[in-house]
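The values are calculated or read from the model by the stated rules, or taken from the named source; none is laboratory data. For clarity, every value in this text was computed on a predicted model and none was experimentally measured. Here Cβ is always computed from backbone atoms with ideal geometry, including for glycine, and neighbour counts include all displayed protein chains.
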Amino acid sequence: MDNDKFGSLNWNFLSFEDSDIQDLNKAHDLVPILSKMVLAENLQNSESLSNILRPPTELIQKIEYIAHPKEQDKAMDRLKLALQQKEKIMVNGDPDADGISGAVVLVAGLRHIGYHVFYDFPVRCREGHGIQPRIIDEAKKEGCSILLTTDCGSKDREAVDYANEQGLDVIICDHHVLGKKSPNALAMINPNTLGYTSPYQKLAGAGVSLKFIQILFSVLDKEIPEFLEKFLLTVASLGTISDRMSLREPLNRIIVSKGVEYLNDTNREGLKALLDVSFPWKRKIKARDISRTIVPRLNAPGRIGDPSKNIPDSNLVVDLLLIGIGKKNAAKASEVVQKFADVYKMKNNVTEAAKEASLIDDVNEERKKITSKIEDEIELLIEQQIDTENDKIIVIQGKNWNPGVIGIDTDRLRDRFRRPAMIITEYDGDDFVRGSVRSIPSIDVYSLVERAGEAFEEANGRPLFVHEVASESGAQLVDAFGGHSQACGFSLHKKDLPEFLKKIREIMSKLEIDDFQMTYNILDTLKFEEINSKFVDVLEGLSPFGEGFPFPIFCLSCCRIVKGRPFGNRYQTERTPHIEFGVFNDNLQDRNRIDATGYGMFDKFTNLVHPSITERYDIIFTFDSGYMKRGSRKVAPLRLNVIDIKLSK
C-alpha cells in the first residue's frame with residue numbers, strides 16, 4: 001500500500017453559475033467574491049445567509065431551556081437555596097482553553113450575584129481530565145456543598161458517586177456527548193439531554209456556561225450589567241474558538257463576533273495583558289487570529305502545570321482573566337496569585353496582570369521545550385514501531401512522556417502521515433498508560449475508539465478506559481475517555497493495552513483508502529495584482545471565520561518562488577517544520593514580492609522548490625493579515641498562508 005494514497009491532497013476548483021452570483025449580488029448587496037463564498041458553503045438559502053450576514057442578536061439574551069427542563073429546574077432550585085443559605089460552591093473545570101473559559105464565566109457570574117465560589121482544575125499530567133476526587137476532597141475541606149462542573153462531567157460516573165458520598169450535590173454543566181449511562185448527579189445541564197435537536201447542542205462548554213449564568217440571573221430576577229455581559233461574551237468567545245465549534249450556528253457567530261469586538265476594546269487589565277503577550281505588535285485581532293496565538297497560551301499551563309512542583313496550572317489563567325479594571329482590582333487579583341509571584345520572584349515594576357501574562361508565556365515556552373524533546377524520541381521510534389506503507393492508524397508507544405503535551409505531537413504525526421495518529425505513554429511505577437488520538441477530517445476517531453472500548457467491555461464485563469487517582473478515602477478509579485470526532489484522549493490499565501490496540505487496528509482495517517482522502521475546495525484563481533490588503537478587507541465582510549465556516553482557499557498559478565527561510569520554535573534545532581518564502585510574478589524584485597508562510601511544509605518545500613529562475617509553481621493558500629513577530633523582526637502586513645505547492649504544468 002503506497003503511503004501517498006493516504007490522505008492524498010486533492011485540489012477541487014469550484015465553479016459557479018454567473019446567474020447565481022448576480023442574483024446574490026442584487027438580493028443581498030454583495031460583491032461577486034462574497035457571493036462565491038456564499039455559494040461555496042451552500043448558504044444561498046435566505047435564512048441560512050441571513051444567519052451568516054446578520055445573526056439575530058436577540059439570541060444572546062434569549063432565556064429558555066438549554067437542558068432537559070427537569071434537570072435545569074433542579075439546578076436552579078438548588079442554586080436559589082444555596083444563595084439563601086450562603087452555601088459555598090466549588091467549580092471543577094476541564095484544564096483546557098474551553099474549560100478555563102467556562103470556569104471564568106461561571107466564577108465571574110456567580111460572584112457578581114453574591115455566591116462564595118472556589119475553583120480548581122485537574123493536574124493534567126497526573127490526573128487527566130474531568131471531575132477529580134482531589135478537587136472533591138478540597139471542596140469538602142473548604143466547606144462547599146455544591147460541586148459545579150464546566151466542560152466536563154457527563155461521563156464521570158465514579159467521580160460523581162464519590163462526590164455524593166462526601167455530601168456534595170453535583171451540577172454538571174457540559175456540552176460533550178452523553179454516555180449510555182449518566183452519572184448520578186443532582187442535575188445534568190447538557191444540551192444533549194433535551195431529547196430533540198437544538199442549536200444549544202452546538203455550543204462550546206463556555207457557551208453552555210454562559211447561557212447557564214444568564215438563566216440563573218433571570219431565575220433570581222436580576223439583570224446582568226453591561227460590563228459583565230461584555231466580559232462573559234469575550235471569555236465565551238475564546239472557548240468557542242478554541243473548541244472549534246461551528247460558526248455556521250447563529251448563536252456561536254454572535255458570541256464570537258461580539259466577544260472578539262469587546263476583546264479588542266477591553267479595558268480589563270487581565271485581558272489587556274494577555275493581548276500584549278499574544279500580539280507583541282499592536283493590531284486589531286480577528287477571530288481566526290486567536291486559535292494560533294491566544295489559545296496555546298490558555299492551554300499551556302494546563303498541559304504541564306503541577307502546583308506540587310511550583311509549576312502553575314490552569315488556575316493561573318483564571319486568575320489572570322478575572323483581573324478587572326484599574327489598580328484596585330489588579331491589587332485584589334494579585335492577592336490570589338501572590339504565591340506565583342513569590343515562586344518566580346517577579347519584579348515589582350510591572351502590574352500584577354502583566355506579571356501573570358508573562359508567566360503564562362514562560363509556561364508556554366516550557367511546553368514547547370517538552371514537546372520538542374518528545375519529538376526527538378518519536379523520530380527514533382518511527383522506524384521501529386510503524387509500517388508507514390500499510391498502517392491505517394499511526395501508533396507510537398513511549399515512556400514517561402508528559403501526557404499534557406503528547407496531543408501536540410500527535411497532531412504533528414497526523415499531519416506528517418495524513419492519517420489518524422495515536423501516542424501512548426507509560427510511566428515508571430504506574431500501572432496505567434495515557435493515550436492521545438488525532439484524526440483527519442474525513443474520519444471520526446472518537447467513535448472508533450469508543451467502539452473499541454465498548455467491544456472490550458462487552459468481552460470482559462468491565463470498562464476499558466479508567467484511571468486510578470488518590471483521594472482522602474483511598475485510591476479511586478475514575479472514567480478516563482473523552483473528546484470529539486477529531487481528537488480524544490484516554491487512560492487504561494497497561495495489561496489491557498494489547499487487547500485495545502488489537503481491537504482499534506481491527507476497526508481501522510475496515511476503512512477504505514477513499515476514507516483517507518483530503519480535498520481542498522478552491523474558491524477562485526487569483527491574478528498576482530489582485531492580491532492586496534483591500535481584497536482581504538472585502539473578504540472580512542463575511543467574518544467571523546472558523547469551524548464550519550472556513551476562510552476561503554485561493555489559487556495562484558505559474559508564480560515564481562525564491563529560496564525559503566526555515567523557522568520553528570527555539571527548541572527545534574534540527575527539525576524546522578515551517579518555511580517562509582517569497583512569491584513573485586515575473587519580476588523578481590522586492591516590490592513585486594508577496595510574503596508567504598507554509599506551516600509544516602518545510603520537507604515538501606525543500607524537496608520541490610529549487611533555486612531556478614525558470615521554474616514555475618502553483619500554490620493554494622489563505623490569507624494572514626497584520627504584523628506578526630518572527631524573533632526580533634516583523635513580517636509584512638499581508639502574507640499568504642500556503643497550504644500546498646505543485647509544479648505548474
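Summary of computed values
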| quantity | calculated |
| --- | --- |
| Answer from 247, 238 - the residue that is part of a loop (DSSP other than H, G, I, E, B) and crowded, with 20+ Cβ neighbours inside 10 Å | 247 |
| Residues of segment 250-285 classified as surrounded by fewer than 22 Cβ atoms within 10 Å (Cβ to Cβ), basic (Lys, Arg) and farther than 19 Å from residue 55 by Cβ, total | 4 |
| Evaluation of residue 26 against (1) in contact with a Pro (Cβ under 6 Å, 6 or more places away or on another chain); (2) assigned to a helix (DSSP H, G or I) (one fails), failing number | (1) |
| Elements of type strands (runs of 3 or more DSSP E) contained in segment 539-649, each with 1 or more residues being at pLDDT below 85 | 565-567, 578-584, 617-625, 628-630, 633-635, 638-647 |
| Lone qualifier among 130, 114 - being in contact with a Lys or Arg (Cβ under 9 Å, 6 or more places away or on another chain), of a type in the set (Gly, Ala, Ser) and under 22 Å from residue 403 (Cα atoms) | 130 |
| Residues of segment 281-290 satisfying the condition of being modelled with pLDDT under 85 and not basic (Lys, Arg) | 281 |
| Residues located in segment 250-278, provided they are free of Cβ contacts under 8 Å to residues at least 40 places away in the same chain, of a type outside the set (Asp, Glu) and not in a helix (DSSP H, G or I) | 266 |
| Boolean, residue 206 is touching a residue at least 40 places away in the same chain (Cβ under 8 Å), of a type in the set (Gly, Ala, Ser) and within 26 Å of residue 145 (Cβ to Cβ) | yes |
| Test: residue in segment 382-401 that is surrounded by 19 or more Cβ atoms within 10 Å (Cβ to Cβ), basic (Lys, Arg) and part of a strand (DSSP E or B) | no |
| Residue 218 in contact with a Cys (Cβ under 8 Å, 6 or more places away or on another chain), closer than 22 Å to residue 79 by Cβ and part of a helix (DSSP H, G or I) | no |
| Hits in segment 1-38 (condition: surrounded by 18 or more Cβ atoms within 10 Å (Cβ to Cβ) and not aromatic (Phe, Trp, Tyr)) | 7, 21, 24, 30, 33, 34, 35, 36, 37, 38 |
| Verdict on residue 436 being among the hydroxyl-bearing types (Ser, Thr, Tyr) and either within 30 Å of residue 577 (Cβ to Cβ) or assigned to a strand (DSSP E or B) (or both) | yes |
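Conditions (1) more than 28 Å from the chain's Cα centre (by Cα); (2) closer than 30 Å to residue 428 by Cβ, marked per residue:
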| position | (1), (2) |
| --- | --- |
| 495 | yes, yes |
| 524 | yes, no |
| 532 | yes, no |
| 548 | no, no |
